[in-house]
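Sending over a structure as structure tokens; questions will come in a sec.
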Amino acid sequence: MLTGITAYAQPSQKEGVHTVVIDAGHGGHDPGNLGTRRYKTTEKDIALLVALKVGGYIQENFKDVTVIYTRSTDVFVDLQERAKIANRAEADLFISIHCDAFTKSSVSGATSLVMGQNHDDDNLRVAMRENSVIYLEENYEEKYEGFDPNNPSSYIAFSVYQGAFMLQSVTFAQKVQDQFRTRVGRKDRGVKQQPLMVTKMAVMPSVLIELGFLTNPTEEDFLNSEKGQSYMASAIYRAFKEYKEEREQFHLEIAPATPPVQTKPTPTPVQPKIGTENKSVEKTPSSEPTIKQVDTKEVYYCVQLATSGIKKELIPQNFKGVEGVRFYEDGGLYKYIVGQTTNLKTAEALKMKMKDAGFKDAFVVALADGNRISISEASKLLE
Ligand SMILES: [Zn+2]
């Protein structure tokens with residue numbers, strides 16, 4: 001039946017690449033790196049110009065793709081908000097665009113970075129620079145839960161949310177690097193894994209592209225030129241085109257023999273999209289009874305144990321044997337908590353117990369109506 005075949009050949013909305021978030025690094029009062037200082041423009045300006053070009057090429061050529069920018073003008077957007085924009089849009093791909101810098105002007109080349117823990121000193125160097133924007137934000141301590149961008153151990157302490165998307169992230173990153181090398185003649189510094197705040201919080205395949213070194217005069221000249229920006233943007237566009245076509249071809253080949261059943265919309269704001277190849281690794285639990293929303297209508301303290309982009313089944317095995325774990329949702333992520341008390345000292349004692357149980361980064365949080373509030377706000381409300 002010809003019509004039937006045509007119907008199956010349509011890649012499903014969920015499996016294809018239909019929404020892409022393009023993230024121009026830095027902006028506003030955060031200039032990014034300043035390069036050689038021969039130009040008035042800094043990293044934030046080049047990142048924005050290239051980001052807008054990439055988005056423009058995609059919109060021109062793919063009518064079925066929605067392009068979302070984290071910023072389209074010279075404004076400051078914090079890292080958490082960038083990831084939230086992507087999570088809210090349930091984007092299929094997150095592309096962050098930056099420029100590199102180093103103390104030696106001879107160093108040049110383009111790098112693509114994916115979230116990972118397998119870092120070496122060079123990766124840490126980039127991670128500390130790109131994440132250091134956190135210092136410019138208000139209340140960063142509260143917001144990033146003790147994350148110190150200048151302390152390497154902070155990076156190691158973070159759990160990987162990006163694991164489920166690693167393969168897709170690396171696939172796209174490799175295509176970007178291939179395009180830079182073969183079509184634009186750039187020095188290829190390769191695909192690297194590193195712990196990056198902005199891509200860590202996004203629950204989709206995510207790549208951070210360092211176009212080149214603004215501290216290298218030749219590369220800075222190239223990246224400041226209209227031609228250089230267009231070449232780099234079209235290289236990223238071609239990588240996107242290949243990636244999208246392969247993703248959709250892949251799903252077309254493994255399309256089910258029977259027409260797919262329309263699934264009901266899920267009540268949660270973010271449904272982590274996991275490629276078919278990962279289904280056995282990270283599965284959304286089918287047994288709903290163990291999933292409970294946090295009891296609301298109350299102000300109380302509890303201890304936060306872990307955060308995940310994926311809804312975990314609330315069984316002790318998933319939480320080092322700890323019973324009674326629940327979750328609340330925040331920024332498209334699931335935050336797993338335990339305990340409920342109006343006494344801060346009791347909460348602190350529970351935190352120490354949880355640290356002993358193996359949750360080294362456990363900390364006390366306050367909730368009001370299921371939403372996180374600051375400890376000081378909570379103590380006022382509980383007086
Ligand atoms: Zn940057």
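Can you put Ser112, Ser230, Ser206, Ser225 in order of Cβ neighbours within 10 angstrom, beginning with the fewest?
Ascending Cβ contact count within 10 Å gives the list Ser225, Ser230, Ser112, Ser206.
If you plug each phi of the stretch 314-320 into the Karplus form 6.51 cos²θ - 1.76 cosθ + 1.60 with θ = phi - 60°, what whole-Hz ³J(HN,Hα) values come out, in order, with x for Gly and Pro?
Going residue by residue, I get 8, 10, x, 4, 7, 10, 6 Hz, with x marking Gly and Pro.
Could you give each residue of the stretch 366-376 its phi-based ³J(HN,Hα) in whole Hz, using Karplus coefficients 6.51, -1.76, 1.60 with θ = phi - 60°, and x for Gly or Pro?
In residue order, the calculated couplings are 10, 10, 10, 6, x, 10, 6, 10, 6, 4, 5 Hz.
Ok, one more. Taking the simple approach of a point 7 Å from Cα along Cα-to-Cβ for both Glu348 and Ser72, what is their distance in nm?
Modelled inter-label distance: 5.0 nm.
Taking R0 as 30 Å, what FRET efficiency do you get between Leu34 and Lys227 from their Cβ-Cβ distance, rounded to the nearest 0.05?
0.85
Okay, moving on. Using 7 Å Cα-to-Cβ label points, what is the Val107/Asp356 separation (nm, one decimal)?
So the two model labels end up 4.5 nm from each other.
If you don't mind, there's one more thing I want to ask. Please order Cys99, Cys302 by the number of other Cβ within 10 Å, starting at the fewest.
So the ranking, lowest neighbour count to highest, is Cys302, Cys99.
Can you pull out the chymotrypsin sites (Phe, Trp or Tyr not before Pro) in the stretch 336-383 that DSSP calls coil and that have at most 15 other Cβ atoms within 10 Å?
When the chymotrypsin sites (Phe, Trp or Tyr not before Pro) of the stretch 336-383 are filtered for loop state and at most 15 Cβ neighbours within 10 Å, nothing remains.
Where a number appears in this text, it was derived from the coordinates with a stated rule and is not lab data. Computed from a predicted model, the values in this text were never measured in an experiment. Methodologically, a virtual Cβ is constructed for each residue, glycine included, from the backbone with ideal geometry; neighbour enumeration extends over all protein chains shown.
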